[in-house]
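The values are calculated or read from the model by the stated rules, or taken from the named source; none is laboratory data. Please read all numbers here as calculations on a predicted model, not as lab measurements. Neighbour counts are summed over all protein chains in view; Cβ atoms, including those assigned to glycine, are modelled from backbone coordinates with ideal geometry.
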Amino acid sequence: MNATGSMGLAVAVRPCCRLIAAQILPRCPHRHGRRIAALPFFLRCSRGRRHFSRCPCALPPRRSAAAWVRAAVAPARDGAAVSDPRRLSTSVGPVPRPGGDKDFGRIFVQGLAAVKPLVIDSVEQPPAVGGEKTKKEAVEEEDRSEVAKGRLQSESEKEAWRLLKNAVVTYCGSPVGTLAAIDPAVEPLNYDQVFIRDFVPSALAFLLKGEMEIVRNFLLHTLHLQSWEKTVDCYSPGQGLMPASFKVRSVPQGSNGEVEEFLDPDFGESAIGRVAPVDSGLWWIILLRAYGKISGDYALQERIDVQTGIKLILNLCLSDGFDMFPTLLVTDGSCMIDRRMGIHGHPLEIQALFYCALRCSREMIVANDGSKNVLRAINNRLSALSFHIREYYWADMKKVNEIYRYKTEEYSQDAINKFNIYPEQIPGWLVDWIPEKGGYFIGNLQPAHMDFRFFSLGNLWAIISSLATPKQAEGILDLIEDKWDELVGNMPLKICYPALENEEWRITTGSDPKNTPWSYHNGGSWPTLLWQFTLACIKMGRPESARKAIAIAENHLSNDRWPEYYDTPTGRFIGKQSRLYQTWTIAGFLASKLLLENPELASILTFEEDLELLEGCACSLAKSPRIKCSRRAAKSHIFV
Ligand code: GLC
């Protein structure tokens, strides 16, 4: 979509969006204080070619790494206005009807009515002493400071930092994200954009290094993109959707060398297959919490525009639909796997990120009259979701054997085989593969359908967020250890296992030539999964496994020029169509290293088991005469 075409859509902005925009958008320092909201459609800012400016967002002062570490482990803010997750988690009663969750609409309207004109503090322009630092000078300075701190970086790390910094994108002179890849050999397509999900490991690497500014800018600018209305043909996706990616575009202004920059988001309307990025908003919430915990800048998450942003995302996720399950119902390709791969329905990856984002929101939403409904709904959903996943997605030797002996066509409230799974669905590969010790969450569950494939990201986030019970979390890591050659092999980590082959590949992927067996999303190996594996290992007190995986990656990544993914069952070859110099490969490697060095910082992303949520779940089951949980799960399974 080009700039002109998109600008034409300005008239389609909903009045509500206008209101939000008018209240929250920052002033562009080069526009004589004119409100950006008065400009059409895009967030934009003009600047002279040689005139670099700072983003108009106030940032916390730069601190030493040690100070950041202290901040990260410091307790969250005090003050009664902020929600206390432990206290709130006891509220497990049903969301009041009538109106049900649609009351969120009212929450937002109330919230907006109360919005006071927001003045975004502008940051003084940096003094022009010594002129602009070139990227090279900045990197050299960085190297010197690392040496001064006595940290010994490997050559791969040094190269990775150089590449990561080179991928940084600026808007109005301030860093706002990182490009997905800078591979000079291939046409960029949309890899020259900042992807929300891809930026998370970059953000983590920067945060762990004490560089907060880029993350803060990213959070605010993507938030401002959220409310814009874009359309896919004649249809507009729901308000609150976060874009999959955005691009900083510039257009020349007049004849005096001025250029105007604007952020152009892609909500899936240009993406291959027109996939909706359901995970973007969830990642945004997760990153917002991590930023607050490590920087101590809780004021950011308490801002009205940020609170509204969180609620808009939740509104999309928690609104009533036709669904029967607490899991989110999505189309194929709505997450990291953004192509047809048979993951429509209730894929684990989305559920794990959803659970994590709900736990983050519960911590961040300011408790007041306007937020009590949403907080209650979050608690209810968390309880139901964890029960559902722990009970019905879990597969281990015992459970598979149980499924093998399932009776079918059970019409009753007491059915054991609730989803009418035909035992014939147990795939041949699983019979030999399922280990005696350990287990995992299956990829998807729907009526008469279990997708038994192992998906790494969902399983890792189930550990990180405590969606899995402690025992299940141990079990998942046991399984990865046991299946190391298949899941890690020559490059951590398989995106999913096993690959779809032959007829199954043809039918499920639509004969996708990029997703051939053991390539790309179909059983390819993705080094960016390493940081998530590292987090899970640290959380479970098994850093050695992460160290082993990082060493394997470090052996290859730099030599192979930081590929996006690897092919073959053991990940031996650089992916057929893999980009080189893929930023989330680079950043994921750096973040993994930094996490291992500072394991206490893993807590900015992890969650511990919350027993009150579980009690809530058991209470709901006990209260409802119509709901019976199979295998006495509420007592046996969820508390282990
Ligand atoms: C591919 C991946 C997607 C990623 C994008 C940019 O489309 O499937 O997860 O965000 O590339 O790297």
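Among helices (runs of 4 or more DSSP H) lying entirely in region 444-497, which contain 2 or more residues that are over 16 Å from the mean Cα position of the chain (by Cα)?
Passing ranges, in order: 470-482, 484-487.
Any residue that is in contact with a strand residue (DSSP E or B) (Cβ under 8 Å, 6 or more places away or on another chain) and part of a helix (DSSP H, G or I) - is there at least one of those in region 382-392?
yes
Which condition does Trp283 not pass, out of (1) crowded, with 21+ Cβ neighbours inside 10 Å; (2) not in a helix (DSSP H, G or I), if it passes all the others?
(2)
Considering only region 363-373, I want to know if a residue exists there that is part of a loop (DSSP other than H, G, I, E, B), under 24 Å from Pro513 (Cβ atoms) and either at pLDDT 95 or above or within 13 Å of the ligand (Cβ to nearest atom) (or both).
Checked against the condition, which is being part of a loop (DSSP other than H, G, I, E, B), under 24 Å from Pro513 (Cβ atoms) and either at pLDDT 95 or above or within 13 Å of the ligand (Cβ to nearest atom) (or both), region 363-373 yields no hits at all.
From the set of residues in region 373-384 that are closer than 12 Å to Leu614 by Cβ and of a type in the set (A, V, I, L, M, F, W, C), which is surrounded by the most Cβ atoms within 10 Å (Cβ to Cβ)?
Leu382
Of all residues in region 329-343 being in contact (Cβ under 8 Å) with a residue 40 or more places away in the chain and over 15 Å from the mean Cα position of the chain (by Cα), which is nearest to the ligand (Cβ to nearest atom)?
Ranking the candidates gives Arg339 first.
In the set Ile495, Ile507, which member is among the aliphatic types (A, V, I, L, M) and surrounded by fewer than 20 Cβ atoms within 10 Å (Cβ to Cβ)?
Being among the aliphatic types (A, V, I, L, M) and surrounded by fewer than 20 Cβ atoms within 10 Å (Cβ to Cβ) holds for just one of Ile495, Ile507, which is Ile507.
Just to be sure before I move on: is Thr583 at pLDDT 85 or above, among the polar types (S, T, N, Q) and buried (at least 24 other Cβ atoms within 10 Å of the Cβ) in the structure I sent?
yes
Pick out the one residue from Phe206, Phe218, Phe262 that is within 16 Å of the ligand (Cβ to nearest atom) and not in a loop (DSSP other than H, G, I, E, B).
Criteria check complete, one pass: Phe218.
May I ask you to list the residues in region 157-203 that are of a type in the set (Phe, Trp, Tyr), within 15 Å of the ligand (Cβ to nearest atom) and either closer than 13 Å to Gly588 by Cα or in a loop (DSSP other than H, G, I, E, B) (or both)?
Passing the criteria: Tyr191, Phe199.
Please determine, by comparing only the residues of region 407-447 that are in contact with a helix residue (DSSP H, G or I) (Cβ under 8 Å, 6 or more places away or on another chain) and small (Gly, Ala, Ser), which one is surrounded by the fewest Cβ atoms within 10 Å (Cβ to Cβ).
Taking the candidates together, the pick is Ala415.
Here's a check for you: in region 199-238, which residue that is over 25 Å from Ala290 (Cβ atoms) and polar (S, T, N, Q) is surrounded by the most Cβ atoms within 10 Å (Cβ to Cβ)?
Residue satisfying both the conditions and the ranking: Ser236.
Is at least one residue of region 405-412 part of a loop (DSSP other than H, G, I, E, B), basic (Lys, Arg), more than 24 Å from Val330 (Cβ to Cβ) and out of contact with any strand residue (DSSP E or B) (no Cβ under 8 Å at 6 or more places or on another chain)?
Yes; the residues of region 405-412 include at least one that is part of a loop (DSSP other than H, G, I, E, B), basic (Lys, Arg), more than 24 Å from Val330 (Cβ to Cβ) and out of contact with any strand residue (DSSP E or B) (no Cβ under 8 Å at 6 or more places or on another chain).
Can you go through Ser545, Ser558 and tell me which one is of a type in the set (Ser, Thr, Tyr), touching a residue at least 40 places away in the same chain (Cβ under 8 Å) and part of a helix (DSSP H, G or I)?
Selected residue: Ser545, the only one of Ser545, Ser558 that is of a type in the set (Ser, Thr, Tyr), touching a residue at least 40 places away in the same chain (Cβ under 8 Å) and part of a helix (DSSP H, G or I).
Looking at region 511-537 only, could you name the residues that are part of a helix (DSSP H, G or I) and either in contact with a Ser or Thr (Cβ under 8 Å, 6 or more places away or on another chain) or within 15 Å of the ligand (Cβ to nearest atom) (or both)?
Pro527, Thr528, Leu529, Leu530, Trp531, Gln532, Phe533, Thr534, Leu535, Cys537
Quick grid of which residues meet (1) at pLDDT below 95; (2) over 19 Å from Ser236 (Cα atoms); (3) within 20 Å of the chain's Cα centre (by Cα):
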| residue | (1), (2), (3) |
| --- | --- |
| Val248 | no, yes, no |
| Gly257 | yes, yes, no |
| Gly268 | yes, no, yes |
| Arg274 | yes, no, yes |
| Leu288 | no, yes, yes |
| Gly309 | no, no, yes |
| Asn315 | yes, no, yes |
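Report, by residue number, each residue of region 321-335 that is assigned to a loop (DSSP other than H, G, I, E, B), surrounded by fewer than 23 Cβ atoms within 10 Å (Cβ to Cβ) and not polar (S, T, N, Q).
Gly321, Phe322, Asp323, Met324, Phe325, Pro326, Leu329, Asp332
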